[in-house]
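In what follows, a single structure is set out as structure tokens and then discussed.
The values are calculated or read from the model by the stated rules, or taken from the named source; none is laboratory data. This is a predicted model, so every value here is computed, not measured. Counting neighbours? That spans all protein chains shown, and the Cβs are built from the backbone with ideal geometry, glycine included.
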Amino acid sequence: MTTQESPTQGPGTVVVGVVADPVASPVQVARQLEQELPGLLSEQLADRQWRVEVHRERLPPSDMQRFEMMNVAADYKRQRGWDFAVCITDLPLVTDRQPVVADASSSRNVAVVSLPAFGAMALRRRVLGVVAQLIEDLRGETTPEEGSEEHRRSRVAALGGAFRRTTPDQDGIDLRILATRGRLRLLVGMVRDNQPWRLVSGLRGALVGAFAFSAFYLINATLWELAITMAVWQLVAVVFASITVMLTWLIVYHHLWERARNLPAREREQAVLFNASTVLTLAIGLACGYVGLYVLNLIAALIVFTPEVFSQYVGAEYGLGEYLLVALLATSAATVAGAIGSGFESEESVHEAAYSYRERARREAIRRSREAEENDERLDETMREG
């Protein structure tokens, strides 16, 4: 394949290759880059024509000491004649407890962009600005010295105060962009990548079980009386307690909690971060499911409850408020009972509903590594006994 003209020689079209993980967020971001990046680069670097090509590829796991993703980008850049190559991944990257937005190598004209560090707001616009900044820096013969006036002028407006450009003391990486709000932004980005709203459809067994129990609770006269006599703080406590019970059951029964004990400090911090994202993902997903179940129960109550029977337990002058309270308490009780239904879900389906592809791959790699270590220990014990 004929390679494209070098970006530093003569007029022509400069090709930026984007290698994206074949999952929701990276693919969506890559498509936007394909559509909007050429125009933005033409405004900032008007001496050339720009084109973006997108390729989907399952990117390998990587961290700050390994360069598998950059190697993949460099290989595709060479094979396809790209001038620059950018990997888009949902793998969280951290260095010195700071979330990494992007790493770039000017010697190879490749970069890796990590989506979780962008947080949850204006993701595509921010990625567009960061990638444009990376291409501008890579295209230059040298990267401006950190803190210099040229360094400040070269920063595109889209970066604003959300990100900070640095020059790391690390071989193979000439430019690094960090998230200024640190671990909170990274945590929010990880939850976004997990797409907690998918939990509603992923836990069909639990939802069916909760809905089935709702029918029983809705026609329970004792529940009617409790609902209209409980204080507001008691009802709020019941709602939170029901979601907490369901969340705890899912984590314990389906082994969603990652043990951080006896891990090295760096891996322990990572495990804590992933556990926090798991809790938030489940909490948001279960809250969405709770609201959906509540709406269904309210509709059922409005249709099924006969005025003659309902008034005997809640009072003759009942109104919409009483229906809302009864449906709320019935939903809370059914949510707790619905935890039983989640037991019929396979562990794989629960993990798929709760985690992004990258997080599932990471946990699977950890599981295999621990199994290999246990097998090695058993083998050593056998050899010593023999």
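Checked against the criterion of being free of Cβ contacts under 8 Å to residues at least 12 places away in the same chain, part of a helix (DSSP H, G or I) and farther than 12 Å from L329 by Cβ, the candidates T281, T248 yield just one match: T248.
Check segment 69-81 and report whether any residue there is closer than 15 Å to V19 by Cα, touching a residue at least 40 places away in the same chain (Cβ under 8 Å) and part of a strand (DSSP E or B). So far as segment 69-81 goes, no, none of its residues is closer than 15 Å to V19 by Cα, touching a residue at least 40 places away in the same chain (Cβ under 8 Å) and part of a strand (DSSP E or B). Applying the criterion of being among the β-branched types (V, I, T) and within 16 Å of V113 (Cα to Cα) to the residues of segment 168-194, the residue that is modelled with the lowest pLDDT is T180.
So which residues in segment 36-52 are surrounded by fewer than 17 Cβ atoms within 10 Å (Cβ to Cβ) and within 21 Å of T89 (Cβ to Cβ), if there are any at all? Passing the criteria: only E36. Checking E53, E34 one by one, the residue that is in a strand (DSSP E or B) and more than 30 Å from Q270 (Cα to Cα) is E53 and no other. Only one of Y290, Y357, Y318 is under 38 Å from the mean Cα position of the chain (by Cα), of a type outside the set (G, A, S) and modelled with pLDDT of 70 or more. Can you tell me which? The match here is Y290.
Annotation: of all residues in segment 249-266 being in contact with a helix residue (DSSP H, G or I) (Cβ under 8 Å, 6 or more places away or on another chain) and under 14 Å from A339 (Cβ atoms), the one that is modelled with the highest pLDDT is W249.
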